[in-house]
Structures are given as C-alpha cells and as structure tokens.
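Colleague: Before we start, here is the structure in question, set down as structure tokens.
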Amino acid sequence: MKPFSVQRLGATLAAILTLGVIFAAQPASATTTRDDGVITGVSASVDKKTAAPGDVLTLTLSLTNTESTPITFAYEWIGPSFPSNTLTGAFTFTSCGGEQVDCGVNGNVVGFHPTAPIEPGATRTVTATVRITDTPTWGTAPYTLNWAPYVYAEYGYPVTKTRSGPFLDGMPGLQTVIS
C-alpha cells in the first residue's frame, strides 16, 4: 500500500469535482417542447350585435383545453381592433368576471388570468362589461366596434408546451354595430 499523499488526495478531489460540474451542467430533461403554435379551443361572443350610445355590453371569452395535458397557466386579453382602436372615447371596459383569479381593467383593454389548472376537455369562461359612450364624437352612425382577443397558455408542469393566439385578427363573434 502506498503512503498517504496530499497530492494524490488533491488530484482525486479535483477529478470528482470536475465530474460533478460536468454532470450538473447537463439538461435535466429533453421533454420540454415549446412549439408556440396557435391555440385552439377559443371562442368569443358579445351579447348584443346591435346597440345604441349609452348601452352596456357583455363580452364573453371561453378557453377549452383541446390538448392532452392540463393548462397550468393562462392569460387572456381583449382590446379593440381596427377601426375601434381609432375611436377615442367610443367605449370603456368597466368590469370583469367569470372563472378567473384576477382581472385588470384599463380603459379600452381588459386582461384576465383564468382559474387553472384547466384539465383536458374542460372550459373556463371570463366576461368583460363594456359601456358605450353616451355622446359619440366620431361622426354619423352606424359604426362598428370590433374587439380582438389574445390568449396564451402553458401546458403541463414543468411546462411541456405553449400555445397562443388568435392575436389581433379579431373574431366575428366580437363585433357590435352602434346605431
């Protein structure tokens, strides 16, 4: 047996430390795929297809989980799309509700965090109340108000997939004619 050597102990510890650093730097798993595809299962509607100045409308946005893993986090937003975003003072979001843990109203936009998790096949629905101005200043009626939703969702924990959309293309279900 060889006698104790500080150099040999130091070399052994350095080798163990090097292997530890190499293995610790490896990714924990390669199962996370962020494909950021367009989300499916989003539907939207407004309770009045025609309205008058001063009316109150309710916008409804539903998110159904069409994937095979639970949605563990989601964010939903509704704001004006063209030409509504050019009509200053045409309307104001006043409140929100539904299956959400929080909601923020800021003039002509509203954002939600729906209650999660959302299991495969389950749906969460949120609502926003909109008040049309009493005194329109943008010309003659009729005019059309268009709103566009945006939805972002994370699937699984840890997150295995993200989906988002339908961006600012608008949805036919979120349109009201003011006359």
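Colleague: Out of the residues in segment 48-71 meeting the condition of being among the aliphatic types (A, V, I, L, M) and more than 15 Å from the chain's Cα centre (by Cα), tell me which one is farthest from Gly165 (Cα to Cα).
Modeller: Selected residue: Ala52.
Colleague: Of the residues Ile71, Ile39, only one is surrounded by 16 or more Cβ atoms within 10 Å (Cβ to Cβ), more than 30 Å from Asp134 (Cβ to Cβ) and either among the basic types (Lys, Arg) or at pLDDT below 90 (or both); which?
Modeller: Only one candidate passes the filter, namely Ile39.
Colleague: Does Gly79 count as under 30 Å from Ser179 (Cα atoms) and part of a loop (DSSP other than H, G, I, E, B)?
Modeller: no
The values are calculated or read from the model by the stated rules, or taken from the named source; none is laboratory data. What you see is a predicted model, and the numbers here were worked out from it, not measured in a lab. As a convention, Cβ positions derive from the backbone with ideal geometry for all residues, glycine included, and neighbour counts pool all protein chains shown.
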